[in-house]
Amino acid sequence: MSQHSRLISGLGPARYTSTRAIWAALFILGVLFGDSAMAADEIRDTIEEGIETYQRAMRAERRDERMALFARSEHLFSDAIERGARNASIETNRANAALQTARTGHAIWGYRRALEIDPSHTQARRNLEQARTRLPDWVSTPESSGFADTFFFWRQALSPSELRLWAAGCFALAALGLAIALIRPGLTGRLIALIFSLLWIGLLAPGWIEQQKESRPAGVLIAEETIARSADARHAPPRFTEPLPAGTEFLVVEDRQAWLEIELHNGRRAWVPASAVAPLNQP
């Protein structure tokens, strides 16, 4: 009997089986990590190709070549996103490519998705406003900011994680001020508590208000023209005198699979085919 065989037999059946299971698990983990690394490399290569293709499109002189390259760039970014590389910058890049090919609906949808991930993404917000100017004047759009966002304008410069960190700090300082006021009554402690309480509210209240407003699923029309109906049927009377253009933003009131009841940002409701829309949570 070889030394290796004697060693294995000395382990006993149970320990031998456990050892094999451990080595099998380690092998599987190695394969999974290897596949993950390869997938990450492929996604990175796809993103780099998308950026390079977009840059080539910007340099192209012939319109048909430029449009084809922008379309190719959008496809590459979409492929990377579908494989899990979703972040605000990639979503913005995809939307930029769509906007260059006059696909306004897909562009607005992409910028909205980028801002869902990172509300402070400056380029996505700026480009979204530019894309909205391509819509007819009668199309309602979400209000870009309310009183709270205007008053606390500086919160737009913070990422969601930074907002939470600053809010926690303000809450702690407000509590400290309150404790000082209780121990040593006077203006100083109360002033500290008041100032940092207002800052804490300013950091969190606009986001909470926005969440309440946007608690229903949101989406964007991507079909070039959609006749909004008064009911969930193809032959139902039109709700509006004109079709809704691509890029119209809405909230979902009711989902009946083939049809969605939507609410525009002026409060008016209508039914549209589900095939004409793109929800913000769709890849």
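All of the numbers you see were taken from the coordinates with simple rules; none came from a lab. Only a predicted model underlies this, so the values are computations on that prediction, with no experimental measurement involved. Here the Cβ is made from the backbone with ideal geometry for all residues, glycine too, and neighbour counts use every protein chain on show.
Please give the contour-minus-distance gain from Arg83 to Met58: 0.36 nm per residue of separation, less the Cα-Cα distance, rounded to one decimal in nm.
6.4 nm is the gain from fully extending Arg83 to Met58.
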## Note on the structure
So, over other residues within a Cβ distance under 12 Å of Leu128, counting Lys, Arg +1 and Asp, Glu -1, the net charge is +2
### Query
What is the calculated FRET efficiency for Ala40 to His265, with r their C-beta to C-beta distance and R₀ = 30 Å, to the nearest 0.05?
0.20
### Added length on full extension, which subtracts the Cα-Cα distance from 0.36 nm per residue, His75 to Gln257
62.9 nm
### Task
Using a Förster distance of 35 angstrom, determine the FRET efficiency expected from the C-beta separation of Leu191 and Asn281, and round it to 0.05.
0.20
### Query
Between Ala168 and Glu49, what is the FRET efficiency for a Förster distance of 41 Å, r being their Cβ-Cβ separation, to the nearest 0.05?
0.50
### Query
Ranked from highest to lowest mean number of other Cβ atoms within 10 Å per residue, what is the order of the peptides 192-203, 48-59, 92-103?
92-103, 192-203, 48-59
